[in-house]
Ligand SMILES: [Zn+2]
């Protein structure tokens, strides 16, 4: 991972063969971090090859700093500690011998870790050496031993990820407590969204859809799988192949889409366009598939299947500036609702890229003008643009003071030429438009993870998957509680009833634990008066409330994004 910084602190020896190490905090900046797991059968040759590849990669990145970071979570087939340490030391020595400025994190420790990965397309790579990976791709090998196990034993081996050791503030712990999502062994680095988590994601998408509709966007959806020929046209085959999931249908190679752009261009190409029809603003919420380093170790922050709030605006170059302005307006409106401050940076041309200097210059200066017009300070991230254009990256700052890259706004003069996109201009001739690629929240899963930590699980009312918990004082009041719940659901309030066995107090505690914004409590008094009692998350209690009044206020507060 090409990183702005890595920080780690050795906390506790994890195994007997752990190296001696101080427990001081270590911080390194502007460095390529090589997370490494040594597997059974790995040896000196694998170590040399890994360092050689890392060296080539460093050259591409234009840097010479490498940290070798032992990271056992990458494998379930680890070498014995003594052998692993030997391989790691070989890597370290090889790297130094190659003139690389080398650091190595201690082996065999539990380490508190924070990495800020750069956002550019080459920032993350993964490779494996030895075993099957070194030979040509082979069909999946049936696991002989596993085959002999019955379904019963196999099922018993499928475990849900356990986050028991993590602090309460971690989004994985919050997600489990709120029953939002889980990570399960058969799908490493992929999210199982539970009903409440999916509802939360849908609330975000509905919110964005309403905003997009107001701004003249249309929404499309395209196949996940496309023939590699498409990725050859887009250049992804050349620049992104290592991160793609590839498969075969008959003799043809196909890839799962890592980005939405190429298929969006095919939709554009399916009809003729006049300058009067433009800009066309295509929003898309399809899942994307990226074979990146990931795992339970990073929860929602790094996954292999993600959904972005993605959009592509296709327009004449003269309109790019005003379109960018409108996108940034939307971004500011959205971030304000989440109470997030932000900072924009302009990423310039990387070494590996398409197009002429003149085009890059033009596109980059357009982005700078747009940023200046908003009074933003111009901070540049040299060489961190995409391979097809420069971009404005926007980092948000959460309540814990951490920065996350969320928004990205790319001005692309290359893909329109590669895909021969065109429109008829006022002169009756065919012209090439430009494409603006943009996301505001980025990966929705990652954004949800950040928000869970930002709000420490206390999601605002408008975002809460369950806004109201209806709790009967005792079983006798079950039917009044049920009709109260129906009344709430009919009015569009996201409510649920705690009608299971158990005391009122335990149900209240449970709702508090789940940080549900309001509890509606009904007993004999409420039933007789036809009212409800409300207990809010902050402890405020109101009695003798009319259901209609409660609903009206709740709906009003939801629509104000409170
Ligand atoms: Zn795109």
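The values are calculated or read from the model by the stated rules, or taken from the named source; none is laboratory data. Owing to the predicted nature of the structure, the values given are computational and were not obtained by experimental measurement. For neighbour counting, all protein chains shown are included, and Cβ atoms are generated from backbone atoms with ideal geometry for every residue, glycine included.
I need the full set of residues from region 307-321 which are part of a helix (DSSP H, G or I) and under 28 Å from the mean Cα position of the chain (by Cα), in order please. The answer is 320, 321. Is it fair to say residue 289 is within 16 Å of the ligand (Cβ to nearest atom) and buried (at least 18 other Cβ atoms within 10 Å of the Cβ)? So residue 289 passes the test.
Considered as a group, the residues in region 242-274 that are within 14 Å of the ligand (Cβ to nearest atom) and part of a loop (DSSP other than H, G, I, E, B) include one that is nearest to residue 432 (Cα to Cα), and that residue is 260. A single entry from 472, 426, 416, 433 fulfils the requirement of being modelled with pLDDT of 95 or more, within 16 Å of the ligand (Cβ to nearest atom) and over 28 Å from the mean Cα position of the chain (by Cα): 433. Applying the criterion of at least 2 residues that are touching a residue at least 12 places away in the same chain (Cβ under 8 Å) to the helices (runs of 4 or more DSSP H) found wholly in region 151-241 leaves 171-177, 195-214, 228-234, 236-239. Take the conditions (1) closer than 15 Å to residue 285 by Cα; (2) more than 20 Å from the chain's Cα centre (by Cα); residue 207 misses just one of them, which is (2). What are the residues in region 91-113 that are under 14 Å from residue 25 (Cα atoms) and either assigned to a helix (DSSP H, G or I) or modelled with pLDDT under 90 (or both), if any? Scanning region 91-113 gives 109, 110, 111, 112, 113.
What about residue 326, is it touching a residue at least 60 places away in the same chain (Cβ under 8 Å) and either under 20 Å from residue 445 (Cα atoms) or crowded, with 19+ Cβ neighbours inside 10 Å (or both)? When the stated conditions are applied, residue 326 does not pass them.
When 443, 464 are checked against the criterion of being within 16 Å of the ligand (Cβ to nearest atom) and either within 27 Å of residue 259 (Cβ to Cβ) or surrounded by 15 or more Cβ atoms within 10 Å (Cβ to Cβ) (or both), a single residue qualifies: 443. Quick check on residue 279: is it more than 28 Å from residue 206 (Cβ to Cβ), at pLDDT 95 or above and in contact with a strand residue (DSSP E or B) (Cβ under 8 Å, 6 or more places away or on another chain)? No, not satisfied. Is it the case that some residue within region 367-384 is away from the ligand (no atom under 14 Å from the Cβ), closer than 17 Å to residue 314 by Cα, over 24 Å from the mean Cα position of the chain (by Cα) and in contact (Cβ under 8 Å) with a residue 12 or more places away in the chain? Yes; the residues of region 367-384 include at least one that is away from the ligand (no atom under 14 Å from the Cβ), closer than 17 Å to residue 314 by Cα, over 24 Å from the mean Cα position of the chain (by Cα) and in contact (Cβ under 8 Å) with a residue 12 or more places away in the chain.
Residues in region 384-409 that are part of a loop (DSSP other than H, G, I, E, B) and buried (at least 19 other Cβ atoms within 10 Å of the Cβ): 384, 385, 387, 388, 390. Restricting 14, 7 to residues that are closer than 30 Å to residue 385 by Cβ and surrounded by fewer than 18 Cβ atoms within 10 Å (Cβ to Cβ) narrows the list to 7.
Close contacts from region 256-273, counting a first residue that is within 22 Å of residue 288 (Cα to Cα) and a second that is part of a loop (DSSP other than H, G, I, E, B) and within 11 Å of the ligand (Cβ to nearest atom), with Cβ to Cβ under 7 Å and a gap of 6+ residues or different chains, come to 263/257. Within region 403-421, the set of residues being farther than 14 Å from residue 234 by Cβ and touching a helix residue (DSSP H, G or I) at 6+ places or on another chain (Cβ under 8 Å) comprises 404, 406, 407, 409, 411, 413.
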